[in-house]
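For reference, the structure discussed in these notes is given below.
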Amino acid sequence: MGFFNDIAMGLDIALSWNNLLYCLIGVSLGMFVGVLPGLGTLTALSLLFPITFYLDPTAALVMLAGIYYGTAYGGSTAAILLNMPGQASASVTCLDGYPMTQQGRGGVALLITTIASFLGGTMAIILMMVFSPVVVDVGLEFQSPEYFALMLLGLVAASTMSTGSTLTGIAMMLLGIMIGLIGMDVNSGIARFTFGEPRLMEGISIAVIAIGLFGIAEMVSSIGSDASRNMKSHSVSFRSMIPKRDDVRRSVLPLFRGTAVGSFFGALPGAGALISSFMAYALEKRVARNPERFGKGAVEGIVAPEAANNAADQAAFIPTLTLGIPGSAAMAIMIGVLLIHGVTPGPRLMLNHPEMFWGLVMSFWIGNLILLVLNIPLIGIWIKLLKVPYHILFPTIIMFVCVGAYSLGNSAFNVWLIVVFGALGYGMRLLSLPAAPLVLGFVLGPMMEEHLRRSLQLARGDILTFFDRPISAVITTIALAILVWGLGAPILRKVKYRNSKDVKLK
Amino acid sequence: MAVGAAFTLYTVFNYDIGTIQYIGPGLFPASVGVLLGAIGIFQLLVGERGERLHLSSINWRAVLCVCSGCAVFAIAINFVGLFLSVALSTFLTAFAQRNIRIIRAGVQSLILGVVAALIFVVGLGVQIEIWPGIG
């Protein structure tokens, strides 16, 4: 019965005018960001991060979350109509979505993906509601060694699954940790890496890193390439959206499968909407009775990935809110918001701030509903939006970047830092170095150090303490296993390749 | 390879502050640094073909404009207030685009200056001077 109390309380909070407003803003922005190729979730989240400083934490999270899962709705629009994904996770939707448009069934595709997104997302929310208390209970048993192990797992997973080799991922993560260590050391009071600059004593704000690394780097990369979006005017009328019964029949199972895949991968640290959508598509193809239909407008090919990526986005909140472990850079930003407002993420969050937790979860429902409404009738508007010229978008972003950064602490120093990180981010893009592990390393690094220190103190220097305790032993083993796999798999592949070449030569 | 070298450099930095104490403030950063350096050296040895960074493929114009635009903001904000700073920096950064229309960019910057003032000062209550003397 406590469960229903929580839900009621959450609804109460989520339906307050203030939170509703920010939810609306968030999801609309999310749709906007999702629809436009070239504007990414991370960029939008980083840009709005400074603004959240002035909001109360629940509203801030509601808005940012709205942006986050909103993008999963919008990404499919451009993918279906223009064969150009607005979000990376929508790339798979192009494969069968665009052919559907070519067959004149674009409206149907849009409607079905919206519904699939909605159902996928809401089912994941239910999962979240049911499982979170359980996870929190387990999480409360956690002490420093477990936390350290879990963070290690998250970082390792993120490094392994990021673009680029595992080694580069790890390197980036280490770099992130080092940047995170800048500032005063909590245990000893010694200033580290500040090079005599007093303004660095507090460390660098995550917002600054995010804005520079994502916002500015994105800008600089995209300016040169002005992808001309030739809009073949496929007018989408309301009636043309109604699907055939056959479509509906075919969509049911892929929907459930997609949601399952998405929820699973979304909750894992390191994996997210992108992997989920690809996996869901692959699964559908594998399971389908006649897989040749894929790539030519098979409904299953759009339903599953779309359900998956929405489910993944929702599920990603589970580890973040229950354990305080961000599974991706975007989640790290959410954690950053919590930290800025003085809320400590972790299992205690649900206990100490139940209104925040349940309010947020309920706002997910509301947000998804709003998105459903926004998507179906207003499709025409979103399509027009695709024509927004870049030269308006771009200075606006710069404005947000500069003012936002400055407003965090009223310091121009932050703006300089943004320039530095922007340059770094751009350089990283050029060298194909993944940015997500860096952000995660930055957020988790200092925390990891604290837990490591504490664990060792409690165990009086015994490193095996991580393996003595059952939970942390399991987690650490998994983390090491992933690490080994990540490092070893490419080598194995190379060896196999060389062997097969030898065979051919004979 | 350039990447690897850069990393080794980072770790060298680490050392001078790092080994202050045993399990003191230095241990963690030092170990992180060592790991990074190891990866760097490893990549150098294995000859991991990192992306060649052709100097020509860097969008220098964009980099310059964006960076200087933000820098201008950082300097200007303390002197001339929000509106002018935003207008100036957005105007400067607009030059990053190849097909820039100066008048259009100018108008946009002014509008953005107003928008910034509205959103941040009026809407959110941020304490920034909009114009020297106001706000």
With no solvent and one equal point scatterer per Cα, compute the Debye intensity ratio I(q)/I(0) for region A:1-148 at 0.09, 0.13, 0.17, 0.19 Å⁻¹ and report its log10, rounded to two decimals. -0.38, -0.74, -1.04, -1.13
Quick one: if you stick a label point 7 Å off each Cα along the C-beta vector at B:Arg101 and A:Phe3, how many nm between them? 6.0 nm
In whole Hz, with x marking every Gly and Pro, tabulate ³J(HN,Hα) for region A:291-301 from phi via Karplus 6.51 cos²θ - 1.76 cosθ + 1.60, θ = phi - 60°. x, 5, 6, 6, x, 10, x, 7, 4, 4, x
Peptides A:121-129, B:110-118: what's the order by average Cβ count within 10 Å, highest mean first? A:121-129, B:110-118
Taking amide H positions as placed in the peptide plane 1.01 Å from N, state which residues far from A:Leu378 in sequence (5 or more) or on other chains have amide H under 5 Å from it. none
Assuming 0.36 nm per residue, please report the length gained on full extension of the stretch A:Ile25 to A:Val484 beyond their Cα-Cα distance. 160.9 nm
Of A:Leu167, A:Leu268, which has the most accessible area with a 1.4 Å probe, and how do the rest follow in descending order? A:Leu268, A:Leu167
At a Förster radius of 35 Å, what calculated FRET efficiency corresponds to the Cβ-Cβ distance of A:Asn352 and A:Gln457, to the nearest 0.05? 0.90
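In nm, what is the difference between 0.36 nm times the number of residues separating B:Trp60 and B:Asn78 and their Cα-Cα distance?
Length gained between B:Trp60 and B:Asn78: 3.7 nm.
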A:Leu95: accessible area at probe 1.4 Å, nearest 10 Å²? 90 Å²
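Using a Förster distance of 22 angstrom, determine the FRET efficiency expected from the C-beta separation of A:Asp56 and A:Glu202, and round it to 0.05.
Efficiency, rounded to the nearest 0.05: 0.45.
The values are calculated or read from the model by the stated rules, or taken from the named source; none is laboratory data. For clarity, every value in this text was computed on a predicted model and none was experimentally measured. Using ideal geometry, Cβ is built from the backbone for each residue, glycine included, and neighbour counts are taken over all protein chains shown. The area values use the complete protein model at the heavy-atom level, side chains included, leaving out ligands, DNA and RNA. Shrake-Rupley method; radii C 1.70, N 1.55, O 1.52, S 1.80 Å.
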